[in-house]
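Encoded as C-alpha coordinates, the structure appears first; notes follow it.
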Amino acid sequence: MRVLLIEDDPGLGAALRDHVASDGHAADWSRTLADAAHAAQAIPYDLILLDLALPDGQGLDLLKALRRRDDRTPVIILTARDRITERIAGLDAGADDYLVKPFDLMELTARIRAVARRYAGNPNPRLMLGPYEVDVPGRAVIGPAGDIRLTAREWAILEALLQRPRQIVSKAALEERLYAFDSEVESNAIEVHMSRLRKKLGFDLIGTRRGLGYLLEAG
(Lines give C-alpha, C1' and ligand atoms only; values in the text may rest on other atoms or scores of the structure.)
Protein backbone atom coordinates (compact mmCIF):
# COMPACT_ATOMS: atom_id res chain seq x y z
CA MET A 1 0.00 0.00 0.00
CA ARG A 2 0.97 3.65 -0.35
CA VAL A 3 0.80 5.10 3.17
CA LEU A 4 0.91 8.73 4.30
CA LEU A 5 2.38 9.04 7.80
CA ILE A 6 1.66 12.35 9.55
CA GLU A 7 3.79 12.65 12.68
CA ASP A 8 5.87 15.59 13.98
CA ASP A 9 8.03 13.69 16.48
CA PRO A 10 11.28 12.87 14.61
CA GLY A 11 12.16 9.74 16.57
CA LEU A 12 8.71 8.21 16.52
CA GLY A 13 8.13 9.27 12.92
CA ALA A 14 11.32 7.58 11.74
CA ALA A 15 10.47 4.40 13.65
CA LEU A 16 6.94 4.28 12.24
CA ARG A 17 8.11 5.01 8.69
CA ASP A 18 10.74 2.26 8.87
CA HIS A 19 8.28 -0.22 10.36
CA VAL A 20 5.64 0.45 7.71
CA ALA A 21 8.28 0.17 4.99
CA SER A 22 9.55 -3.12 6.44
CA ASP A 23 6.03 -4.48 5.98
CA GLY A 24 6.39 -3.84 2.26
CA HIS A 25 4.46 -0.57 2.02
CA ALA A 26 5.57 2.73 0.52
CA ALA A 27 5.63 5.24 3.38
CA ASP A 28 5.64 9.01 2.80
CA TRP A 29 6.27 11.02 5.97
CA SER A 30 4.85 14.51 6.56
CA ARG A 31 5.76 16.42 9.72
CA THR A 32 3.28 19.30 9.41
CA LEU A 33 -0.40 19.71 8.64
CA ALA A 34 0.35 21.86 5.59
CA ASP A 35 2.71 19.29 4.05
CA ALA A 36 0.24 16.50 4.79
CA ALA A 37 -2.66 18.37 3.17
CA HIS A 38 -0.59 18.98 0.05
CA ALA A 39 0.51 15.33 -0.14
CA ALA A 40 -3.03 14.02 0.37
CA GLN A 41 -4.27 16.14 -2.55
CA ALA A 42 -1.40 15.24 -4.85
CA ILE A 43 -1.17 11.47 -4.31
CA PRO A 44 -3.90 8.81 -4.07
CA TYR A 45 -2.98 7.10 -0.80
CA ASP A 46 -4.29 3.74 0.34
CA LEU A 47 -4.04 4.67 4.04
CA ILE A 48 -3.28 7.66 6.26
CA LEU A 49 -1.70 7.35 9.73
CA LEU A 50 -2.64 10.57 11.47
CA ASP A 51 -1.25 12.25 14.57
CA LEU A 52 -3.63 14.81 16.08
CA ALA A 53 -1.33 17.42 17.65
CA LEU A 54 0.85 18.95 14.93
CA PRO A 55 2.99 22.12 15.00
CA ASP A 56 0.70 24.06 12.66
CA GLY A 57 -2.71 22.71 13.58
CA GLN A 58 -4.90 19.77 14.53
CA GLY A 59 -4.93 16.53 12.59
CA LEU A 60 -8.66 16.29 13.17
CA ASP A 61 -9.13 19.33 10.92
CA LEU A 62 -7.38 17.52 8.07
CA LEU A 63 -9.56 14.45 8.61
CA LYS A 64 -12.73 16.55 8.50
CA ALA A 65 -11.53 18.30 5.33
CA LEU A 66 -10.89 14.95 3.64
CA ARG A 67 -14.35 13.67 4.47
CA ARG A 68 -16.03 16.92 3.39
CA ARG A 69 -14.63 16.49 -0.10
CA ASP A 70 -15.72 12.84 -0.06
CA ASP A 71 -12.17 11.52 0.18
CA ARG A 72 -12.67 8.02 1.56
CA THR A 73 -9.02 7.17 2.16
CA PRO A 74 -8.92 5.06 5.33
CA VAL A 75 -7.45 6.87 8.33
CA ILE A 76 -5.98 5.44 11.53
CA ILE A 77 -5.44 8.04 14.25
CA LEU A 78 -2.23 7.66 16.28
CA THR A 79 -2.23 9.91 19.33
CA ALA A 80 -1.37 10.22 23.00
CA ARG A 81 -4.87 11.56 23.69
CA ASP A 82 -6.65 8.72 25.46
CA ARG A 83 -9.85 10.28 26.79
CA ILE A 84 -12.96 8.50 25.56
CA THR A 85 -14.48 11.79 24.37
CA GLU A 86 -11.48 12.37 22.11
CA ARG A 87 -11.69 8.85 20.71
CA ILE A 88 -15.37 9.38 19.95
CA ALA A 89 -14.60 12.73 18.29
CA GLY A 90 -11.98 11.09 16.06
CA LEU A 91 -14.24 8.24 15.02
CA ASP A 92 -17.20 10.57 14.47
CA ALA A 93 -15.02 12.76 12.24
CA GLY A 94 -14.47 9.78 9.94
CA ALA A 95 -11.48 7.86 11.30
CA ASP A 96 -11.48 4.12 10.72
CA ASP A 97 -9.47 3.23 13.80
CA TYR A 98 -7.80 4.88 16.79
CA LEU A 99 -4.54 3.82 18.47
CA VAL A 100 -3.31 5.42 21.69
CA LYS A 101 0.43 5.99 22.14
CA PRO A 102 2.46 4.19 23.20
CA PHE A 103 1.43 1.13 21.20
CA ASP A 104 3.13 -2.02 19.97
CA LEU A 105 4.24 -1.82 16.34
CA MET A 106 2.85 -5.27 15.64
CA GLU A 107 -0.56 -4.08 16.78
CA LEU A 108 -0.29 -1.25 14.27
CA THR A 109 0.52 -3.81 11.59
CA ALA A 110 -2.58 -5.80 12.50
CA ARG A 111 -4.79 -2.68 12.48
CA ILE A 112 -3.46 -1.71 9.04
CA ARG A 113 -4.25 -5.17 7.68
CA ALA A 114 -7.76 -5.11 9.15
CA VAL A 115 -8.55 -1.70 7.63
CA ALA A 116 -7.11 -2.79 4.27
CA ARG A 117 -9.29 -5.91 4.24
CA ARG A 118 -12.42 -3.90 4.96
CA TYR A 119 -11.73 -1.44 2.16
CA ALA A 120 -10.88 -4.24 -0.27
CA GLY A 121 -14.36 -5.63 0.38
CA ASN A 122 -13.01 -8.97 1.57
CA PRO A 123 -13.05 -9.48 5.35
CA ASN A 124 -12.10 -13.15 4.95
CA PRO A 125 -8.56 -13.57 6.33
CA ARG A 126 -7.96 -16.69 4.18
CA LEU A 127 -8.34 -16.88 0.42
CA MET A 128 -7.93 -19.63 -2.15
CA LEU A 129 -5.77 -18.75 -5.13
CA GLY A 130 -5.48 -21.65 -7.52
CA PRO A 131 -3.73 -24.42 -5.60
CA TYR A 132 -2.65 -22.03 -2.85
CA GLU A 133 -4.23 -20.91 0.40
CA VAL A 134 -3.36 -17.31 1.23
CA ASP A 135 -3.36 -16.35 4.92
CA VAL A 136 -3.80 -12.57 4.64
CA PRO A 137 -3.19 -11.60 8.31
CA GLY A 138 -0.21 -13.93 8.54
CA ARG A 139 1.14 -12.90 5.16
CA ALA A 140 1.62 -16.55 4.33
CA VAL A 141 1.05 -18.62 1.23
CA ILE A 142 0.50 -22.35 1.71
CA GLY A 143 0.88 -24.63 -1.28
CA PRO A 144 0.56 -28.40 -1.76
CA ALA A 145 4.16 -28.81 -0.60
CA GLY A 146 3.90 -26.46 2.37
CA ASP A 147 4.65 -22.81 3.14
CA ILE A 148 6.06 -20.54 0.47
CA ARG A 149 8.26 -17.76 1.80
CA LEU A 150 7.75 -14.34 0.21
CA THR A 151 9.76 -11.17 0.75
CA ALA A 152 7.94 -8.03 1.90
CA ARG A 153 7.93 -6.59 -1.62
CA GLU A 154 6.80 -9.86 -3.21
CA TRP A 155 3.94 -9.98 -0.73
CA ALA A 156 3.06 -6.34 -1.44
CA ILE A 157 2.75 -7.14 -5.16
CA LEU A 158 0.61 -10.20 -4.49
CA GLU A 159 -1.57 -8.23 -2.08
CA ALA A 160 -2.08 -5.48 -4.67
CA LEU A 161 -3.27 -8.06 -7.19
CA LEU A 162 -5.49 -9.80 -4.63
CA GLN A 163 -7.19 -6.51 -3.81
CA ARG A 164 -8.14 -6.02 -7.46
CA PRO A 165 -9.24 -9.46 -8.66
CA ARG A 166 -9.82 -9.82 -12.40
CA GLN A 167 -8.45 -6.30 -12.92
CA ILE A 168 -5.21 -5.24 -14.57
CA VAL A 169 -2.80 -3.47 -12.20
CA SER A 170 -0.31 -1.24 -13.99
CA LYS A 171 3.42 -1.19 -13.34
CA ALA A 172 3.11 2.44 -12.23
CA ALA A 173 0.43 1.52 -9.68
CA LEU A 174 2.67 -1.20 -8.25
CA GLU A 175 5.61 1.22 -8.02
CA GLU A 176 3.43 3.70 -6.13
CA ARG A 177 2.46 1.01 -3.63
CA LEU A 178 6.02 -0.22 -3.10
CA TYR A 179 8.12 2.94 -3.07
CA ALA A 180 7.93 6.27 -1.24
CA PHE A 181 8.11 9.50 -3.24
CA ASP A 182 11.73 10.13 -2.23
CA SER A 183 12.92 6.62 -3.18
CA GLU A 184 15.02 5.89 -6.24
CA VAL A 185 13.31 3.17 -8.25
CA GLU A 186 15.21 1.09 -10.80
CA SER A 187 13.40 0.96 -14.13
CA ASN A 188 13.08 -2.84 -13.96
CA ALA A 189 12.43 -3.19 -10.20
CA ILE A 190 8.84 -4.39 -10.62
CA GLU A 191 9.86 -6.89 -13.30
CA VAL A 192 12.55 -8.32 -11.02
CA HIS A 193 10.16 -8.75 -8.06
CA MET A 194 7.46 -10.14 -10.35
CA SER A 195 9.87 -12.69 -11.85
CA ARG A 196 10.86 -13.94 -8.39
CA LEU A 197 7.21 -14.11 -7.32
CA ARG A 198 6.31 -16.16 -10.39
CA LYS A 199 9.16 -18.58 -9.74
CA LYS A 200 7.71 -19.25 -6.29
CA LEU A 201 4.03 -19.46 -7.28
CA GLY A 202 4.24 -20.72 -10.86
CA PHE A 203 4.35 -18.79 -14.10
CA ASP A 204 0.67 -19.36 -14.94
CA LEU A 205 -0.74 -17.66 -11.84
CA ILE A 206 0.06 -14.03 -12.72
CA GLY A 207 -0.55 -12.87 -16.26
CA THR A 208 1.01 -9.99 -18.16
CA ARG A 209 -0.93 -7.70 -20.46
CA ARG A 210 1.80 -6.08 -22.50
CA GLY A 211 1.78 -2.32 -22.21
CA LEU A 212 -0.97 -2.42 -19.57
CA GLY A 213 0.17 -4.35 -16.49
CA TYR A 214 -0.47 -7.54 -14.54
CA LEU A 215 -3.43 -9.52 -13.24
CA LEU A 216 -4.20 -12.76 -11.44
CA GLU A 217 -5.13 -15.52 -13.86
CA ALA A 218 -6.41 -17.83 -11.11
CA GLY A 219 -9.68 -17.14 -9.33
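The values are calculated or read from the model by the stated rules, or taken from the named source; none is laboratory data. What you see is a predicted model; the values in this text were computed from it and never measured. The protein model used for the area step is the full one, side chains on, heavy atoms only, and it has no ligands, DNA or RNA in it. Shrake-Rupley method; radii C 1.70, N 1.55, O 1.52, S 1.80 Å.
Surface analysis of the chain yields an accessible area of 50 Å² per residue, using protein heavy atoms and a 1.4 Å probe. In the chain, the calculated helix contribution to ellipticity at 222 nm averages -12500 deg cm²/dmol per residue, counting -39,500 (n - 2.57) for every DSSP H run with n ≥ 4. Return the whole-Å distance between the Cα centroid of region 32-104 and the Cα centroid of region 146-207. Going from one Cα centre to the other spans 29 Å. Once you order the gyration tensor axes a ≥ b ≥ c over the Cα atoms, which shape class does region 2-120 get: rounded for a/c under 1.5, otherwise prolate or oblate by comparing a/b with b/c? Cα axes put region 2-120 in the rounded bin. Only beta bridges with both residues in region 8-130 are counted; by DSSP, about 20 percent of them are antiparallel. In terms of overall dimensions, the C-alpha atoms belonging to the chain reach 51, 33, 32 Å along their principal axes, ordered largest to smallest. Straight-line cross-link reach from LYS200 at under 28 Å between alpha-carbon atoms covers these lysines, not counting any fewer than eight positions away in the same chain: LYS171. Here the chain has 51 percent of its accessible surface on carbon and sulfur atoms, given a 1.4 Å probe and all protein chains in place. Cross-link reach is defined here as a Cα-Cα straight distance under 16 Å, omitting same-chain residues fewer than 8 places apart; for LYS199 the aspartates and glutamates meeting it are ASP147, GLU154, GLU191, GLU217.
Note on the chain: antiparallel DSSP beta bridges, both residues inside, total approximately 50 percent of the bridges counted.
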